[in-house]
Amino acid sequence: MSDNLDRFIKQNRSHFDEEQPSEKLWEQIEKGLQSKTPVPVRSLKQRWWTAAAAVILFATAATAYIIFKKTDPVNQPVVENNTIILPDNKVAKDADIAAIDPVYAQQAARFSLLIDEKQKELKAIQTDEPFLYKKFSFDIKRLDSTYTLLKQQLPVNPNKEELLEAMIYNLQLQIELLNQQLNIIQKIKQSKSTSL
C-alpha cells in the first residue's frame, strides 16, 4: 500500500507544487494569530516555589499558634511584685525579667515550663539509651548556657528589649530542639517494637 502511495506522490509531484493557498487565507490566519491574547507561561519551577512558600507559611503559622495559643488562665504564670509565680505556686527562675518587662517574663516562664516538661520526658531514656541521652543533654545545655549568658548581660545592656527577644528566641530554640529529640526517641522506640 505504501508503495502505491509513494508512486502516486512521485508521479503527481508537479501538481502538488502548483497549488498555493490564496492571499485571503493567509490574512485570516495572521489575524487569528494576532487577535488571540497571549497565555502566560508558568514554569514548573515557579509552581514548586509557590507550593514550597505555602507549606512554609502554613508550618510557621501552625508553630506560632501552638507556641502562642492562649491556654487556661489558671495555668498561666502570674507576675506580681517583679516575681513570676507559676501555676504550682513556685517562683520562676527568671523573676528578674519581670522587673524589666512583665510580658516577656510571662513568655519566658511559659517557655521554661514547657522546657522542664520536655526535659522530664527526655529523662525517660536515660537508662535505656545513656549515650543518646548524654548527647541530647549536651545540646540542650549549650543552648541553656547561651541563655544564661544573655540573662547575665540583661542588667547592664542598654538595649534590654532586643536582649529579651534574643532570650525568648533561645527558649523557643530549646523547645524546638527538645521536640526534635523526642521525635527521634519515638522513632527509635517504634523501630525497636517493629523489629521484635
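Determine if the stretch 92-100 includes at least one residue that is aliphatic (A, V, I, L, M), touching a strand residue (DSSP E or B) at 6+ places or on another chain (Cβ under 6 Å), at pLDDT 75 or above and more than 26 Å from LYS189 (Cβ to Cβ). The answer is no, given that none of the residues of the stretch 92-100 is aliphatic (A, V, I, L, M), touching a strand residue (DSSP E or B) at 6+ places or on another chain (Cβ under 6 Å), at pLDDT 75 or above and more than 26 Å from LYS189 (Cβ to Cβ). Select from the stretch 144-166 the residues that are within 19 Å of LEU114 (Cα to Cα) and more than 20 Å from the chain's Cα centre (by Cα) and list them in ascending order. Within the stretch 144-166, ASP144, SER145, THR146, TYR147, THR148, LYS151, LEU164 qualify.
A residue that is within 22 Å of ALA124 (Cβ to Cβ) and assigned to a helix (DSSP H, G or I) occurs nowhere in the stretch 146-156. Residues that are surrounded by 12 or more Cβ atoms within 10 Å (Cβ to Cβ) and either within 24 Å of ARG110 (Cβ to Cβ) or of a type in the set (S, T, N, Q) (or both) were ranked within the stretch 181-196; the one that is farthest from the chain's Cα centre (by Cα) is ILE185.
Of all residues being aliphatic (A, V, I, L, M) and within 27 Å of the chain's Cα centre (by Cα) in the stretch 101-124, which is farthest from GLN186 (Cα to Cα)? Just the residue, please. Applying the filter and picking the extreme gives VAL103. Which members of the stretch 148-168 meet the condition of being of a type in the set (Asp, Glu) and closer than 14 Å to ALA105 by Cβ? Across the stretch 148-168, the qualifying residues are GLU161, GLU165.
Any residue that is of a type in the set (Ser, Thr, Tyr), more than 23 Å from TYR65 (Cα to Cα) and surrounded by 10 or more Cβ atoms within 10 Å (Cβ to Cβ) - is there at least one of those in the stretch 128-141? Yes, the stretch 128-141 has at least one match.
Which ones in the stretch 26-54 are among the hydrophobic types (A, V, I, L, M, F, W, C), in a helix (DSSP H, G or I) and either modelled with pLDDT under 75 or surrounded by fewer than 10 Cβ atoms within 10 Å (Cβ to Cβ) (or both)? Residues satisfying the conditions are LEU33, LEU44.
The values are calculated or read from the model by the stated rules, or taken from the named source; none is laboratory data. Bear in mind that the values here come from a model prediction, so they are computed numbers and not experimental data. Quick reminder, even Gly has a Cβ in these numbers, built from the backbone with ideal geometry, and neighbours come from all protein chains shown.
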